[in-house]
Every structure is written in structure tokens, then in C-alpha cells.
Amino acid sequence: MAKWTAQDIPTLAGKRAVITGANSGLGLETAAELARAGADVVMACRDPSRASAAVAEVQRRAPGSRIEAMALDLADLSSIRAFAEGYKGRYASLDLLCNNAGVMHLPLQRTRDGFEMQVGTNHLGHFALTGQLLDSLQAAPAARVVTVASVAHRATKGIDLDDLNWERRPYSPADAYGKSKLANLMFHFELQRRLEKAGSSLVAVAAHPGYSATNIGFGLKDKTPLWKRWAMNMGNSLFAQSAAQGSLPTLYAATVADIASGDYIGPDGFIEFMGHPKRVGYRPEARDPELGARLWQISEQLTGLRYL
């Protein structure tokens, strides 16, 4: 049986998608393939100049595509609110929300609202964005929310819900990233449970890209040691799959007809580092309903946004 590729994406004419972090890497590849399949794509990006260049690149790859950029900083709740209000002021519905953007292995720093940057951007920002766009998603038939997680969710010892923002423990950039990715999966499964309880047709799906050659691992270039940047470049060159290949699980989750709410899609290769999309496993805590409900409650308290 042939392996699934982006060439297998069905026509998406008449569909509209929002992709966070779409100016580079996995987000750019996802945007380009969805646009090529006929979707109207909104690239939600923090940096306007990089967003303009990304729009031009997608239009080059998918001539005639309907694509635009809108400003979004997931590390700022006011920016998330402004983005959602701007979107809803222009469009009546949303068929696909791809929670793709992320930061990785950063030194300790805080978002505008005081959250640790990795959990604040990767989880809390997307939690707030999903809630702000929920009405638009529910206004579309069979809409999907795709949350991008990581194999790194297995590398942490677990999530500390009593200190989600690293205010009392010694900080570890790698562990903070792993915990934020575990939070992504916990959010995904709790969203699925709440949607099913509400009788919603909205589908929650998660995906991870394996080990892909993107710039996420470099952190902030001005604060990342030269040796680490060299190591990341070597790792990307020798062991990583391309960003285009790494985007396939997200594209599969976003477009394949037989996806079920709660599915988690990743590469089919050795230890899920590379390959073609398939349903994959996860650590048990990710789907623990008590932990998920508690994370949801804490996320509501921190973001000031309650939904479902």
C-alpha cells in the first residue's frame, strides 16, 4: 500500500484555515499545501515582515491561491483577543484551526501576561486562541482543531500543575519544553472530551512532526551559544527529515476523511522520528481525565477565558 503524501490531500475548495506560526518551517509547509489544495488560508504570524515574505512564498508555490497574513502574538493575550475579533469581523466561520506555533528550549523569560514563555506560548496561547475562535469553528460543518505536539512530551517526568509557570522550581529549558508539549496533548484530549459532552461536531485531532529540520530548536539566536547552534545545524543536516515531510502528520490530521476526534498522528518510522503519517501512542498522563480537567481549569484561571 502506497504511503500517504501531500499529493493525497483532497480538494479543500470553499474551506478556510487558520495556521499559527505559519511564516516558516512546519507552518509554512502546512499553509502551502492547504493553499495548493484550494483552501483559503490565514497565516497567523507575530512578525509582519516575515509574514509578508511567507505569503509571497506560498503564492509562488500555489499560484492563484487565496492567502493572507494576520498579526498574532501567542505570548500576549491582548494580541490573541485582537486577532480573534479581527477574524470574526471578516469571516462567519472557520473550518480548520491549526495550533502549530511553538518555541523551544528558551532561557527563562515571561510572556506579556507573566507566564513562563514556553508553556505560555505553546499551550496557554493556543488554549486562549481556540476558545476565542470556538464560535467560528462551531459555525462550520465538520470543522477541526489540530494541535501540534511533540515526541518531547515523553521526555519530561510529568507536568507540575501546582507550578505551571516555573515560579518555585529551578528552571530547565528542555524540561519546560517537554512539559509544554505534554500540556498540548492534555489540552487536546480534554478538548475532545468536552466537545463530545457538548454534542459538538467539531473534531479535535493532534499531530507531531517527529524530528524535522526547522529553526524551532535554535531558541533566541542572540542568546543561544554558538556550540548549540552548531549542534542543531549538524543534527538537522544528518538526522532530521525535511520540514515538508514533517508537516505530513499535521496535513493528514487536518484533511483525511476517516480521522476521528481524539486521534494522534505522527511519523511511522523508527521511534517516530521520521516517516509517513499514522496513528501513534502517547504517555498515559496525556489522556488522564482528572489531570486534563485540572489543567483546563488552571488554564481558564490564567487566561481569564472560560469555554465548554
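The values are calculated or read from the model by the stated rules, or taken from the named source; none is laboratory data. Not measured: the values here are computed from a predicted model. Here the Cβ is made from the backbone with ideal geometry for all residues, glycine too, and neighbour counts use every protein chain on show. The area values use the complete protein model at the heavy-atom level, side chains included, leaving out ligands, DNA and RNA. Shrake-Rupley method; radii C 1.70, N 1.55, O 1.52, S 1.80 Å.
Of all residues in region 1-42, those that are among the β-branched types (Val, Ile, Thr) and more than 14 Å from Asp95 (Cα to Cα) total 4. Selection within region 126-161: residues that are of a type in the set (D, E, K, R) and surrounded by 15 or more Cβ atoms within 10 Å (Cβ to Cβ). The member of this set that is nearest to Arg16 (Cα to Cα) is Arg144. Residues in region 162-185 that are under 15 Å from the mean Cα position of the chain (by Cα) and farther than 19 Å from Thr250 by Cβ were compared, and the one that is surrounded by the fewest Cβ atoms within 10 Å (Cβ to Cβ) is Gly178. In region 252-308, of all residues being of a type in the set (D, E, K, R) and assigned to a helix (DSSP H, G or I), the one that is modelled with the lowest pLDDT corresponds to Glu272. Note on region 270-298: residues that are within 14 Å of Ala149 (Cβ to Cβ), surrounded by 14 or more Cβ atoms within 10 Å (Cβ to Cβ) and of a type in the set (Gly, Ala, Ser) total 2. Quick check: is even one residue across region 138-153 part of a helix (DSSP H, G or I) and within 24 Å of Arg81 (Cα to Cα)? So far as region 138-153 goes, yes, one or more of its residues are part of a helix (DSSP H, G or I) and within 24 Å of Arg81 (Cα to Cα). Checking region 102-119 against the condition returns a match, with at least one residue being open to solvent by less than 50 Å² (accessible area, probe 1.4 Å), in contact (Cβ under 8 Å) with a residue 60 or more places away in the chain and assigned to a helix (DSSP H, G or I).
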